[in-house]
1. Return, for the Cα atoms of the range A:216-338, the radius of gyration and Dmax in Å, separated by a comma.
2. Using each residue's phi in the range A:321-327, evaluate 6.51 cos²θ - 1.76 cosθ + 1.60 at θ = phi - 60° and report the 3J(HN,Hα) Karplus result to the nearest Hz, with x for Gly and Pro.
3. Separation of the range B:410-433 and the range B:248-319 by C-alpha centroid, Å?
4. So, counting K/R as plus one and D/E as minus one, what does the shell of residues with Cβ under 15 Å around B:L159 add up to?
5. What are the ³J(HN,Hα) values, in whole Hz, obtained from phi via the Karplus relation 6.51 cos²θ - 1.76 cosθ + 1.60 with θ = phi - 60°, for each residue of the range A:251-268 in sequence order, with x given for Gly and Pro?
6. Summing +1 for each Lys or Arg and -1 for each Asp or Glu, what net charge is found among the other residues whose Cβ lies under 14 Å from the Cβ of B:A298?
7. Please label the shape of the protein assembly as shown as rounded, prolate or oblate, based on the square roots a ≥ b ≥ c of the eigenvalues of the alpha-carbon gyration tensor (a/c under 1.5 means rounded; beyond that, a/b larger than b/c means prolate, else oblate).
8. Enumerate the amide H contacts of B:L273 below 5 Å, restricted to partners 5 or more residues apart or on another chain; note that Pro and chain-start residues carry no placed amide H.
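What follows is calculated from the coordinates using simple rules that are stated; it is not laboratory data. As the structure is a prediction and not an experimental result, all values here were calculated from the model. Reconstructed Cβ throughout: ideal geometry from the backbone, glycine too, with neighbour counts over all protein chains shown.
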Amino acid sequence: MKKRGRGIACMWYPIGFTVAANPSAATVKINEDGTATLLTGTVETGQGALTVLGQIAAEALGIAADDVHVVSGDTDVTPMDTGAIASRTTYVTGNAVKLAAEKARAILFEVAAPMLGVRPEQLEARDRKIQVQSFPQRHLAIGDVALQAQSVKGQPAIGSASWNPPTVPMDPDTGQGKPFNTYVYATQIAEVDVDDETGEVDVLRIIAAHDCGTPINPMLVEGQVEGGISMGLGFALQEEILFDAEGRQINPNLTNYIMPTSMDMPEIEVVFVDNYDPTGPFGAKGVGEPTSVPTAAAILNAIHDAVGVRITSLPATAEKILAAIKSRGTDGLKNIKA
Amino acid sequence: MNSKSIVDEKLHAAVADSTTGLPLLVRSEMLPAVFPVDLLVPDARQQTPAVGQRVIRTDARQHGLGQTPYIDDMVIPGMLYARIKRAGVASARILGIDTREAEAMPGVMAVITGRDIPVNSFGPSLQDQPVLATERVFHAGDGVAAVAAVSEQIAAEALAKIRVEYERLPAVFDPLEALKDDAPKVHPPAGNIYARKVICRGSVEQGFADSKHVFEQQYRTQMVEHVPIEPHAAIALWDANGRVTVYSSLGRITLGRADLARTLRMPINRIRLVGTFVGGNFGGKNEITQEPVLALLARKTGRPVKGVYTRTEEFTASTTRHPFIMDYKTGVDSNGRILARKVRLVLDGGAYCSWSETTLGKAAILSTGPYKIEHVHVEAMAVYTNKTMTGAMRGFGAPQVCFAYESQMDEIASTLDIDPLEIRMRNAFVNGSISPTGQVLHSVVVRESLLNAARRMNWPEVDS
């Protein structure tokens, strides 16, 4: 008979490298029509990072996201970047992009100020205009300012910058230190059906409440969460590399290494936990890795809620669950004195 | 929509690479499915702010039209195909590698071994991994020789003609066995523990003495693969000035270029590394794999050389997620407040360090959970075994420890008859909480995430 259960798991996760420097550099070039090109050394690995970085540059320049063309991933062309790792792109590369865009923007402000009869620090960039703060009716089109900067003043609006999260090394004996500049937090709750005659688990629904600071692009955050959950689900229930007695893998193929397909995916509801981190670009932190962190824990707690057995070794295969149901206990791991 | 035109299936488009000027061919199926290409351009966003908008990703159209150029879609005139011979034994001394028969095969243009690699080691923290094994094999997925041939089929057939003579050596596959004094050493003379991390705050002995209940449990996790749809892939080619260009599925080109410079013993400015669209990474494409091999085969043959891992190689010859053995001991008061937590983590570190130090560090720091605990003691170690190397994978050890600390949290809750949501609310970090490493935390929203999720799930105890 199918038994329903729900399980909860929360987590914390850091953004960026553990203590070690992990800088990003970026260059923003404002073209003479007010559109812009962003050069970044990171690589698009499917998560949508380039789109997010373009949005950050656009926000800083007061132009639209598709006014920014992003050039990435070529060591002959783009500045250094620590790359797509450690959930760091939005936060670390994003901060570098924002600083680079602000440097380019400062050149526009300097050129526009005398044209508008104010000081540069009185200006802001919004809606493709350079305008006077609190007096937006005095403004110039950003393209006119960029053209003036480049072709009349001889000062093309190009900005380069780098950023690295500040950390404090950990004491080797006690681990005391500040290994990361910021962390994100999340909770996932899983609802499952467990068949107590076969041990089979059906994950029906997962609520995923994630903090990523400001979601720069909510659609891409949702994509990350859904992808992360699929990895967490495989980790919880199915995936396992097996070895023979000689240390050779026995299932290195997609026939015998079982991972979730679209048919295994539960209904997923993504909830954004309202937050703003002043150390991130426009309040953003990151979201890539944390999405797959609490999934297995939530599913395993839901299995316990459903059929009363606690599986302490992953994956919680049907065989393992059924054996535990039959012996009405855990899956046989002994307590070891810590 | 405007007119469509079907492109001649046999047509290849020659595209000059902007930097090298070299022709880059793409297969006909990658050509635009619809002409003119300005069809279906997303609406321009007329207004700022750009942040917070559900902007359509810049690569969406290319993906949707099947135009995204992944490495395996790229063809360069004269290009050869490389394959790597895998050891198939987990621990052995290499007595000899005979490549003569393979080299004599029609269509085989070059064969190399580890002895052809100028600096045959790499790794992000410890350089303990050979590009191709020369004297010793450390796990069954080690490469021992590589072939470049005019077709993938000939390259694969040539691998079978390469004869390697091994002397079997003792091996260890279980990390707890590997910890024992008399265990075979994976990288002699070094011991099998290659990284260690300790975090302590307060006094766990005092905390346990003050606790009303103490819970102890061991948790274990398994080895898993990233399984990206696109396997590790790269193309290497040289120009007349002795510069090498490598197109690669790497997610970290700055580091990859430095690793290439080191292994090829070349100045960095003679190396161009282009990161193409990556068809899934998840931590598995954070360091070089076959790139130096392809560069050397390309130099030896004077022709571009492409290498694409098979699915089997993706499992056996790239990094995986660390299996963890986790001992948790937790003391709580009668209200379920955690007073002390002691954690011991043993990471099955596989044959090479790769990103184990990072995984170990993050796992240790995060292992006590997002909870206010006065007394903590964490000891974590990464251990060599003669198994597939373990490295970076989405979460760097966090999914493993989260499974342990959240399972134990529910155990504590059910023993003390406290609702799972409530026990977490009582213990969760808040703004200003001190982490196990002594860091004052900001922008903390554990409780908010718990309540948000619980409300959405209609968790009965929420708001009660």
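1. Spelled out, the Cα radius of gyration and Dmax of the range A:216-338 are 18.1, 54 Å.
2. My calculation for the range A:321-327 gives 5, 4, 4, 5, 4, 5, 8 Hz in order.
3. Taking the Cα centre of the range B:248-319 as reference, the centre of the range B:410-433 is 46 Å away.
4. Values: positive: B:R83, B:K85, B:R86, B:R100, B:K161, B:R163; negative: B:D98, B:E101, B:E103, B:D142, B:E152, B:E157, B:E313.
Here the count lands on -1.
5. The phi angles translate into 9, x, 7, 7, 7, 10, 9, 8, 10, x, 10, 4, 5, 8, 6, x, 5, 10 Hz.
6. Working: positive: B:R243, B:R270, B:R272, B:R299, B:K300, B:R303, B:K306; negative: B:D116, B:D239, B:E291.
Neighbour charge sum, excluding B:A298 itself: +4.
7. Values: a/c = 1.72, a/b = 1.10, b/c = 1.57.
It comes out oblate by the Cα gyration axes.
8. Under 5 Å from the amide H of B:L273 lie the amide H atoms of A:T75, A:D76, B:V246, each far enough along the sequence or on another chain.
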